[in-house]
1. Report the charge-dipole magnitude of the range 124-225 in Debye, nearest 20, computed about the Cα centre from +1 at each Lys and Arg Cβ and -1 at each Asp and Glu Cβ.
2. Just in the range 1-94: which GluC sites (Glu not before Pro) are loop by DSSP and have at most 13 other Cβ atoms within 10 Å?
3. Quick one: P(r) of the range 124-225 from all Cα-Cα pairs, 5 Å bins, percents rounded to integers, in order of increasing distance.
4. Given R₀ = 22 Å, what would the calculated FRET efficiency be for GLU218 paired with SER123, taking r from the Cβ atoms and rounding to 0.05?
5. Quick check on the chain: helices-only [θ] at 222 nm, where DSSP H runs of length 4 and up contribute -39,500 (n - 2.57) each and the sum goes over total residues. Nearest 500, please.
6. Please work out the ratio of the alpha-carbon Rg of the chain to 2.2 N^0.38 Å and round it to two decimals.
7. Could you give the length gained on full extension between ARG49 and VAL109, defined as 0.36 nm per residue of separation minus the Cα-Cα distance, in nm?
8. If I build a Gaussian network model for the chain, linking alpha-carbon pairs within less than 10 angstrom, which residue out of GLN200, GLN14, GLN175 has the largest mean-square fluctuation?
Amino acid sequence: MQVSAQIVTLRLAQTFRIARESQDTADVVVVELRHGDTIGYGEGAPIERYEESAESARTYVEEHAELLGDDPFALEEVLDRLPQREFAARAAIDGALHDLVGKLAGIPVHRLLGLPAAGPPTSWTIWLGDPDDMARRAEAAGERFRRLKLKLGGGDGLDVERVRAVRGVTELPLQVDVNEWWSLDEALEALPQLAELGVQYCEQPLRAGDEAGRTLKERSPIPIYVDEDCHRLG
């Protein structure tokens, strides 16, 4: 198989803001895998928080091109040969392999995987803003999605009010993601109030590696999910 990778800059329709950063553009790596006259495409979105960039992802693809071999149907074997790092690049390669195999087999990838064409239900992320702004965006998105994920961690004491404002305009299930921005005390104060507002779970309230995470899990009235704390299965 022949492989190439390029960096594509996507301009966002609106500024996307979370606790630690905001962005107007996103750099992604696009991988093309060619087998004969058939080309498969895959895309990966590197995250600086995990010490990955579009440049490092492209370099990873180019440096390990020879490990891909010439059998696109050997999906697991191909990925096992690649070093366990640069996971955005690996995701782009994985997507390109599946796209290529589907095209070679003449069937959509969802059928290749035995999945429905519609895909699983998903949520819409309401990025961090003031309470009224988040409520307006939640109300606008509510007709198109079955659940909403709210970005919190404003550092201004208004996170509960953000959720309260959104709850005032929608009955959809709500989840929150703090992106590591609360202390243990802030989390213990906010979570009971979020539970009363019907929040289903809270994602990554504390800094990755914070030993207080165990205490928070035991005392929280709603489930605590990790993201920045969990990079791989092992």
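Bear in mind these aren't lab numbers, they're just calculated from the coordinates by the rules spelled out. Everything numeric here is computed off the predicted structure, so don't read it as measured data. Note: ideal-geometry Cβ built from the backbone for every residue, glycine included; neighbour counts use all protein chains shown.
1. So the magnitude is around 480 debye.
2. In loop regions of the range 1-94 (DSSP not H, G, I, E or B), the sparsely surrounded GluC sites (Glu not before Pro) are GLU21, GLU51.
3. With 5 Å bins starting at 0, P(r) equals 2, 14, 28, 25, 17, 9, 4, 1.
4. Values: r = 27 Å, r/R0 = 1.22.
FRET efficiency, GLU218 to SER123: 0.25.
5. Rounded to the nearest 500, the figure is -10000 deg cm²/dmol.
6. 1.17
7. 18.5 nm
8. Maximum fluctuation in the GNM of the chain, among the listed residues, is at GLN14.
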